[in-house]
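Participant: One structure, as C-alpha cells, below. Some questions next.
The values are calculated or read from the model by the stated rules, or taken from the named source; none is laboratory data. Note that the coordinates shown come from a computational prediction; the quantities given were computed from them, not determined experimentally. All Cβ positions, even for glycine, are placed from backbone atoms using ideal geometry, and neighbour counts span all protein chains on display. Calculation scope for accessible area: heavy atoms of the full protein, side chains included, ligands and nucleic acids excluded. Shrake-Rupley method; radii C 1.70, N 1.55, O 1.52, S 1.80 Å.
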Amino acid sequence: IELFKLGEYPNLRVLGCNMTGTEHLPWAEINKRGIKVISLQGETKFLETITSTAEHTVGLMIALFRKYKTALNDPYQGREECVGHVLRGKTLGIIGYGRVGKQVKRMAEGLGMKVLTLDEEDSPDDLCDLLKKSDVISIHIPLFCNRGFFTKEMFNMMKPTAYLINTSRSVVVEKGALTDALKNNIISGAAVDFIEDFALVEYARTHDNLILTPHIGGNTFEDRKATENFIKSKVKSILNND
C-alpha cells in the first residue's frame, strides 16, 4: 500500500478493504500484528449486486467493435473510417466463470451474442476450443495462481479477427505477449483495464485498436458507495463485539 502506512497506526486492530483482491496488502506486517482484514472476498450474495466491472467489460467490447477510439479522438475521421461490427451473433469466450464472468454472460446474451465459458475445472481441450471459436475473449480470473496464465501460444490460437478484453489483473497475461500479438497482427485489437505496461502505453499512443483504462472497472459512484458502506458496517460490528 503506497498511501497507507501501517506503522503510522500502532493501535490498528481491523483493516477494512472494499475490494475482493487483497494481494497488494502488506501481509507480513498484518500477520505479525494480528490485524484482522475485512474485504469483499466470499461475500457472494452482496457482490451479486455489484455490476460495474461487468458493465465496463461490455462497454469496452462495444468500443472495440464500433471503433470508438477512431471515431471520438482527434484527428476526427470520416464516417467510412469508423465502420464497425455488431455484437449480435458474435461469439464471446469468457475465461473465469465466477461472479463477474456470469454477469458478463447475461449481458452479452441480452445483446444477442453466443457465449462460451471456461472455469478451473474445465480441460485444456475446452480452452483450445474457446480460443479458436471466439470473436472476443474476456478474462475474469483472480491473480492468485494465475500469473502469466494467458500465454503467447494462446494468442496464436485466436482468430486473427478476434479481440481480447482483460478487466482482471495485468499480470494474468504473459509479459509482452499482448504487445507482440498486436504488433504482429495476430489479433485485431484489445482493451485492458490497467495502465502499467510501458510497451502497451506506447503502442496505444499510435494505434486505435488498443484501449487502455486506468483500473476503473469497479469505479462507479453507486458501487463504490455500496461497497464502502458494506465494509464499514462489518468493521463496526467487529469492533462493537470486541
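Participant: Please state the relative contact order of the chain as a whole percent: Cα pairs under 8 Å, 6+ residues apart? Write down the numbers at each step before the final one.
Facilitator: On the way: 374 pairs, mean separation 45.7, N = 242.
Relative contact order for the chain comes out at 19 percent.
Participant: Name the trypsin sites (Lys or Arg not before Pro) in the range 1-100 that are in a loop by DSSP and that have at most 12 other C-beta atoms within 10 Å, would you?
Facilitator: Working: sites: K5, R13, K32, R33, K36, K45, R66, K67, K69, R79, R88, K90, R99; in loops: K5, R13, R66, K67, R88, K90.
Filter output for the range 1-100: K5, R88.
Participant: Moving on to the next point. Please report the projected area of the chain's Cα convex hull averaged over all directions, in nm². Mind dumping the intermediate values first?
Facilitator: Working: hull surface 60.6 nm².
Computing the convex hull of the Cα atoms and averaging its projections yields 15.1 nm².
Participant: Calculate, for the range 1-42, the solvent-accessible area per residue in square angstrom, rolling a 1.4 angstrom probe over the heavy atoms of the protein chains.
Facilitator: On the way: 2820 Å² over 42 residues.
Using a 1.4 Å probe on heavy atoms only, each residue of the range 1-42 averages 67 Å².
Participant: Using Cα springs under 10 Å in a Gaussian network model of the chain, which residue among P214, P160, P26 shows the largest mean-square fluctuation?
Facilitator: P26
Participant: While we're looking at this one, here's another question. Do any GluC sites (Glu not before Pro) in the range 4-86 lie in a DSSP loop with no more than 10 other beta carbon atoms within 10 Å, and if so, which? Mind dumping the intermediate values first?
Facilitator: Values: sites: E8, E23, E29, E43, E48, E55, E80, E81; in loops: E23, E43, E48.
Answer in residue order: E23.
Participant: If the cut-off is a Cα-Cα distance under 14 Å, which aspartates and glutamates reach K90, setting aside same-chain residues fewer than 8 apart in sequence?
Facilitator: Within reach: E109, D135.
Participant: Taking 7 Å along the Cα-to-C-beta vector as the label spot, tell me the D119-S237 distance in nanometres, rounded to one decimal.
Facilitator: With each label point 7 Å from Cα toward Cβ, the separation is 2.6 nm.
Participant: If you don't mind, there's one more thing I want to ask. Which pairs break 19 Å Cα to Cα here: K69/K102; K102/K225; K45/K225; K102/K152? Kindly include the intermediate steps, with their values, before the conclusion.
Facilitator: Numbers: K69/K102 27 Å; K102/K225 23 Å; K45/K225 17 Å; K102/K152 26 Å.
In this structure, K69/K102; K102/K225; K102/K152 exceed 19 Å between Cα atoms.
Participant: Any idea what the dipole of the range 1-89 comes to, in debye rounded to 20, about its Cα centre with Lys/Arg Cβ at +1 and Asp/Glu Cβ at -1?
Facilitator: Numbers: 11 positive and 10 negative charges, 40 e Å.
For the range 1-89, the charge dipole is close to 200 debye.
Participant: Applying 1/(1 + (r/R0)^6) with R0 = 30 Å to the Cβ-Cβ distance of E29 and I62, what FRET efficiency is obtained, to the nearest 0.05?
Facilitator: Details: r = 43 Å, r/R0 = 1.42.
After rounding to 0.05, the efficiency reads 0.10.
Participant: Can I ask one more? In whole percent, how big is the carbon plus sulfur part of the accessible area of the chain, probe 1.4 Å, protein atoms only?
Facilitator: Values: 7170 of 13950 Å².
So the carbon and sulfur contribution to the accessible surface is 51 percent.
Participant: What translational diffusion coefficient, in µm²/s and rounded to a whole number, does the Stokes-Einstein relation yield for the range 114-229 at 10 °C and a viscosity of 1.306 mPa s, taking the hydrodynamic radius as the Kirkwood radius over Cα pairs? Please list the in-between numbers first.
Facilitator: Numbers: Rh = 15.0 Å.
Approximately 106 µm²/s, per Stokes-Einstein.
Participant: At most 12 other Cβ atoms within 10 Å and a DSSP loop assignment: could you name the chymotrypsin sites (Phe, Trp or Tyr not before Pro) in the range 112-174 that fit? Mind dumping the intermediate values first?
Facilitator: Numbers: sites: F144, F149, F150, F155, Y163; in loops: F144, F149.
Here the chymotrypsin sites (Phe, Trp or Tyr not before Pro) that fit, given the DSSP loop and packing criteria, are F144.
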